[in-house]
Amino acid sequence: MEGSQGGGSEREKSNSSSSTTPVSAVATFWKDFKKASNEEKLVLFNSLLKGYQEEVDKLTKRAKFGENACLNIYQKLYEAPDPYPVLTSIAEDAKLSELESENRKMKVELEEFRTESTYLKNQQATIRRLEERTRQLEQQLEEKVKEIVDIKQRNMAEENQKTMEVLKEWYHVNCNLQGHFTFMVVSQC
């Protein structure tokens with residue numbers, strides 16, 4: 001986890017450069033060892049073994065660094081909130097604001113028609129027209145209210161379903177990672 005907090009790039013550079021040069025040095029040493037006589041091989045064997053062990057140690061450190069970096073990234077991603085509910089909520093709020101604004105306009109218009117209707121009682125044709133418009137607006141208002149309620153219920157159901165799916169997915173990922181780390185711990189023992 002050290003690599004994610006500042007010094008990661010220098011360590012990564014040293015890991016990548018140190019893993020290629022010593023391998024070629026060990027390979028060259030191996031070639032020299034194979035060409036040496038049996039007596040020289042006895043003398044060179046300890047140096048060759050030490051070179052291989054150092055390379056194995058470096059590769060082990062590099063693997064642990066990589067595993068820690070992956071785990072750190074996974075933890076950061078795991079802790080990050082899911083943006084979908086926020087985006088859904090924003091879109092829903094925008095739609096809701098639009099519907100509420102339209103609803104207010106319709107209420108104002110409905111009230112205006114009702115007021116006008118009382119002033120025009122003597123004019124039957126006008127009264128019928130205004131009453132019809134009032135019924136239409138009331139019906140539209142009811143439909144808008146139903147639409148708002150339906151949208152809210154659908155969005156809540158979808159959000160709950162998606163949250164359950166995300167939780168299930170994270171549960172399976174977590175189980176797989178626990179199994180992987182258990183396997184790695186057992187295999188290192």
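The values are calculated or read from the model by the stated rules, or taken from the named source; none is laboratory data. All figures in this text were calculated on a predicted structure; none of them were measured in a lab. For neighbour counting, all protein chains shown are included, and Cβ atoms are generated from backbone atoms with ideal geometry for every residue, glycine included.
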Quiz prompt | Pick from the stretch 61-113, criterion outside the structural domain of Lys146 (by TED's automatic domain parsing) and among the polar types (S, T, N, Q), ranking: nearest to Glu169 (Cα to Cα) | solution = Gln75
Quiz item: Among (1) out of contact with any Lys or Arg (no Cβ under 9 Å at 6 or more places or on another chain); (2) over 30 Å from Tyr84 (Cα atoms), where does Leu137 come up short?
Solution: (1)
Exercise. Within the stretch 91-122, count every residue that is over 22 Å from Val145 (Cβ atoms), of a type outside the set (S, T, N, Q) and assigned to a helix (DSSP H, G or I).
Key: 2
Quiz item: Among the residues of the stretch 128-139, is there at least one that is surrounded by 13 or more Cβ atoms within 10 Å (Cβ to Cβ), modelled with pLDDT under 85 and in the same structural domain as Leu167 (by TED's automatic domain parsing)?
Solution: yes
Quiz item: Among the candidates Lys41, Lys58, Lys76, Lys35, which residue alone is over 26 Å from Gln178 (Cβ atoms), surrounded by fewer than 12 Cβ atoms within 10 Å (Cβ to Cβ) and not β-branched (Val, Ile, Thr)?
Solution: Lys35
Quiz item: Any idea which of (1) under 30 Å from Thr163 (Cα atoms); (2) in contact (Cβ under 8 Å) with a residue 40 or more places away in the chain; (3) of a type in the set (Asp, Glu) is the one Glu102 doesn't satisfy?
Solution: (1)
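Which of the residues belonging to the stretch 79-107 are of a type in the set (Gly, Ala, Ser) and either over 10 Å from the mean Cα position of the chain (by Cα) or surrounded by 11 or more Cβ atoms within 10 Å (Cβ to Cβ) (or both)?
Once the filter is applied, which keeps residues that are of a type in the set (Gly, Ala, Ser) and either over 10 Å from the mean Cα position of the chain (by Cα) or surrounded by 11 or more Cβ atoms within 10 Å (Cβ to Cβ) (or both), the stretch 79-107 yields Ser89, Ala91, Ala94, Ser97, Ser101.
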Quiz item: Quick one: which of Val166, Val145 is in contact with an Asp or Glu (Cβ under 7 Å, 6 or more places away or on another chain), touching a residue at least 24 places away in the same chain (Cβ under 8 Å) and of a type in the set (Val, Ile, Thr)?
Solution: Val166
